[in-house]
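Some notes on the structure that comes next.
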């Protein structure tokens, strides 16, 4: 009997690998004073690419969380059950300090190191990054109420993942979520109808419906609700100090396109107890810093997704033959891969620059704080929007193999749109760019100064900077400004990325970026880098062996 099934011309398994094997990432750490954390990043990157962690990621994707509203006797319990691998992923993330640990680490570069760790670890599994990111972002918002921050911040920054239904102050570590979105308002949180009434002891009782609350198994939540003084921020525990469950009832889990490992829910608050954070009527202002921090993680997550997709594409095409040659050696595929590599690196350098600005802003640097404010809105708009197109092209590099769940590419593809939607979809982010330009001119000055640091190095970049400056007078007309908001946000993002690449990346990467993204010699799809682009160094840099 002859054998009819012989496996030929298939790429070998990718794992083990290191997600930290990334020149743009490691160079950013060294460049911005965070080289002390490089070994942390390398160790975590090696773990992220291990066969064990890759298996955890598969398990939580294939066996998503389940809601149990009642126990067998009919008692309301509002529990979400997770696969054990979820808790393993969360344990590593918390022990490595990817959540709120940087707020307790008084060391220059702490936020940049944490950003690099988040970048390498989320390439293993992105869903559990949601509660990790929200915990990171909760701390600066909570500081609007110093007496609450004094009690809860050390627990939020703890490196112990203490999962379970117990009063928060009796636990060794806490995870925080946020509960803002309502069905009638979405991003327009001022339209929220959830009400908070004083309980007489400094606390409030909150009643209303939240349409989208991710990670409902967190220990505490920042919640927006209306008070007599206006929209106000509150801290709400899932379990009350006396050990009873707070009156927050899970109605259902969302059946989402992606982000399947993470539970997202609709919640009814029926007189749930909470404590105010900040002044009455200042809820939006209080929550803004939390939004900025989660936006940073949206940019980091999108950059991480691009790097993960690029790795898959490079690996597959290096081991797959078609029409007599390896795919990776064929001219058109080389152009596609190089184009994907350029986009990935541009996203990474911008994400790391914004993380470095976070460190400097926390240290009191006002110019860096202004750059970060505008840069986050710009990066959130452009990098997160590019993530979906990048994932689609990377998937296509694997052909039919990429469309199969076992390849891991569908997970990357489904995850990408989330980061463009979370914390404000494209229009919200573009309008926020206009708002920042109008209300905080220091941000524009800081961003142009950053771009001008590369002035004279590339004529295409100089011309792009001039186009941005020429567009600014048009902002005086609100109608015209809004119609052009997306174009302006894109131009600013590309100028910022171009400046960073010209100054810090390999000349071939910078040249490819400026020729295509800034010089206009580029098609509407990846793989259209102009003729004469030096693809060799771009691809070699995208396949680093090790920088040590």
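Read-outs throughout are calculated quantities, based only on the coordinates presented, and are distinct from any laboratory measurement. Computed from a predicted model, the values in this text were never measured in an experiment. Note: ideal-geometry Cβ built from the backbone for every residue, glycine included; neighbour counts use all protein chains shown.
Computed from Cα atoms, the angle from the helix 459-471 axis to the main principal axis of the chain rounds to 40 degrees. The three principal axes of the C-alpha atoms in the chain carry coordinate ranges of 77, 74, 43 Å, sorted with the longest axis first. Using bins of 5 Å that start at zero, the share of Cα-Cα pairs per bin across segment 425-492 amounts to 3, 16, 27, 25, 16, 9, 3, 0, in whole %. Straightening the chain between residue 72 and residue 55 buys 2.9 nm, computed as 0.36 nm per residue apart minus the Cα-Cα spacing.
Would you list 468, 220 from fewest to most Cβ contacts within 10 Å?
On the way: 468 18, 220 25.
Ascending number of Cβ neighbours within 10 Å: 468, 220.
Using a ≥ b ≥ c from the Cα gyration tensor of segment 243-314 (square roots of the eigenvalues), is it rounded, prolate or oblate, where a/c under 1.5 gives rounded and otherwise the larger of a/b and b/c decides, a/b for prolate? The shape class here is oblate. Relative to its Kirkwood radius, the Cα radius of gyration of segment 23-281 gives an Rg/Rh of 0.98.
Once the Cα atoms of helix 129-142 and of the chain are each reduced to a long axis, what angle between those two axes, in degrees from 0 to 90 to the nearest 10, is obtained? Orientation of helix 129-142: about 60 degrees from the principal axis. Taking the square roots of 5 times each eigenvalue of the Cα gyration tensor of segment 1-103, largest first, gives ellipsoid semi-axes of 33, 31, 8 Å.
Three principal axis extents of segment 305-387 based on alpha-carbon atoms, in descending order, are 59, 19, 16 Å. Binning all Cα-Cα separations of segment 185-292 at 5 Å, short to long from zero, yields these whole-percent fractions: 2, 12, 22, 25, 20, 12, 4, 1, 0.
For segment 70-106 versus segment 306-385, the inter-centroid distance based on Cα atoms is 29 Å.
Between helix 51-62 and the chain there is an angle of about 60 degrees, using the helix long axis and the longest principal axis of the Cα atoms. Rounded to the nearest 500, the 222 nm mean residue ellipticity of the chain from helices alone is -16500 deg cm²/dmol, with -39,500 (n - 2.57) taken per DSSP H run of at least 4 residues. Sorting 267, 206 from the fewest to the most surrounding beta carbons within 10 angstrom yields 267, 206.
With contacts taken as Cα pairs under 8 Å and at least 6 residues apart, segment 312-402 reaches a relative contact order of 30 percent.
Below 8 Å between Cα atoms, with a sequence gap of 6+, how large is the relative contact order for the chain in percent? For the chain, the relative contact order is 13 percent. The spacing between segment 396-463 and segment 4-38, judged by their C-alpha centroids, is 22 Å. If you wrap the tightest convex hull around every Cα atom of segment 47-97 and split its volume per residue, you get 83 Å³.
Among 316, 390, 83, the ranking by other beta carbons within 10 Å of each residue's beta carbon, starting with the fewest, stands as 83, 316, 390. The share of alpha-carbon pairs in segment 45-187 lying farther apart than 23 Å comes to 43%. The distance separating the Cα centre of segment 522-540 from that of segment 283-301 comes to 34 Å.
In this simple spin-label approximation, residue 257 and residue 363 carry label points 7 Å from Cα along the Cα→Cβ vector, and these lie 4.0 nm apart. Give the relative contact order (percent, whole number) for segment 23-281; include only Cα pairs under 8 Å separated by 6+ residues. The normalised contact order for segment 23-281 reaches 18 percent. Computed over the alpha-carbon atoms, segment 285-542 gives an Rg to Rh ratio of 0.98, Rh here being the Kirkwood radius from the mean inverse distance.
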